[in-house]
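Enquirer: Questions regarding the structure given below will be posed in turn.
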Amino acid sequence: MQIVARCPKCDAALPVEAGARADAIRCGRCGREIPLSWSDDVAADRAVDRCPICAGTDFYIRKDFDPKVGLAVVVVGALVSAVFYWFGRDLIAYSILAAAVFVDLIVYGRLTDVTVCYRCHAEFRGAYRRTAPSFDLHTADVLELEYERRVGRR
Ligand SMILES: [Zn+2]
Ligand SMILES: [Zn+2]
């Protein structure tokens with residue numbers, strides 16, 4: 001399992017390999033030491049049951065999607081179709097625009113799910129079984145506040 005932890009102090013993204021079961025990681029940006037505590041299921045890539053960074057047990061699932069890639073596809077499609085539109089080829093222009101949106105949907109649909117910790121925003125990627133529910137804004141509000149108080153950001 002591949003984990004991207006968020007530094008509680010400066011929010012830097014810190015990649016962690018779960019199999020190594022390191023006791024702690026140090027933030028490369030601000031130098032803060034972040035203690036880790038591994039559950040057997042996380043270390044063995046079976047399930048995400050307890051967050052190694054904040055010890056939270058509340059997670060949600062989201063698509064592992066980079067919005068910049070999706071936007072680039074649509075922007076390029078729009079530019080190409082604008083050229084055809086300029087030359088009076090409306091049908092081709094609309095087809096290209098539709099194709100760009102379609103490609104976007106395919107890319108989006110084939111993406112795997114990533115599990116995210118509500119409290120510390122750590123991301124978990126691997127072959128483990130997805131069990132977390134989808135995102136809930138109310139849960140996020142409550143748990144983020146609790147975590148930020150705990151690490152002293154509020
Ligand atoms: Zn940091
Ligand atoms: Zn966490």
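The values are calculated or read from the model by the stated rules, or taken from the named source; none is laboratory data. Just so it is clear, the structure is predicted and the values come from calculations on it, not from any experiment. All Cβ positions, even for glycine, are placed from backbone atoms using ideal geometry, and neighbour counts span all protein chains on display. Surface areas here come from the heavy atoms of the whole protein model, side chains and all, with no ligands, DNA or RNA. Shrake-Rupley method; radii C 1.70, N 1.55, O 1.52, S 1.80 Å.
Enquirer: Go ahead and set up a Gaussian network model of the chain, Cα springs under 10 Å, then flag whichever of GLY28, GLY126, GLY56 fluctuates most.
Expert: GLY28
Enquirer: Given charges of +1 on the Cβ of Lys and Arg and -1 on the Cβ of Asp and Glu, with all other atoms neutral, how large is the dipole of segment 66-127 about its Cα centre, in debye to the nearest 20?
Expert: My answer is approximately 80 debye.
Enquirer: Using the alpha-carbon atoms, what tilt in degrees (0 to 90, nearest 10) does helix 137-150 show relative to the longest principal axis of the chain?
Expert: Tilt relative to the chain: about 40 degrees.
Enquirer: Where the accessible area of segment 82-154 is counted over protein heavy atoms with a 1.4 Å probe, how much of it, in %, is carbon and sulfur?
Expert: 62 percent
Enquirer: So what's the net charge close to ASP49: Lys and Arg +1, Asp and Glu -1, counting the other residues with Cβ under 10 Å from its Cβ?
Expert: Summing Lys and Arg as +1 and Asp and Glu as -1 gives 0.
Enquirer: Quick check: convex hull of the Cα atoms in segment 87-145, volume per residue, rounded to a whole Å³?
Expert: 148 Å³
Enquirer: Right, here's the next one. Ratio of Rg to Rh for the chain, alpha carbon only, Kirkwood?
Expert: Ratio value, two decimals: 1.14.
Enquirer: Still on this model: Please determine, in degrees from 0 to 90 and to the nearest 10, the orientation of helix 90-110 with respect to the longest principal axis defined by the Cα atoms of the chain, where the helix direction is its Cα long axis.
Expert: Taking the Cα atoms of the chain, the angle to 90-110 is about 20 degrees.
Enquirer: Okay, moving on. Express the relative contact order of segment 1-53 as a whole percentage, based on alpha carbon pairs under 8 Å and six or more residues apart in sequence.
Expert: RCO, segment 1-53: 30 percent.
Enquirer: Here's something else I'd like to know. For segment 9-21, in order, what is each residue's ³J(HN,Hα) by Karplus, 6.51 cos²θ - 1.76 cosθ + 1.60 with θ = phi - 60°, in whole Hz (x at glycine and Pro)?
Expert: For segment 9-21, the Karplus-derived couplings read 8, 10, 6, 5, 8, 10, x, 9, 8, 5, x, 6, 6 Hz, x marking Gly and Pro.
Enquirer: With just the Cα atoms defining each centre, how far is segment 50-108 from segment 1-46? Give it in Å.
Expert: Spelled out, the Cα-based centre of one part sits 31 Å from the other.
Enquirer: List the relative contact order of segment 1-124 as a percent without decimals, with contacts defined as Cα pairs under 8 Å and 6+ residues apart.
Expert: Relative CO of segment 1-124 lands at 27 percent.
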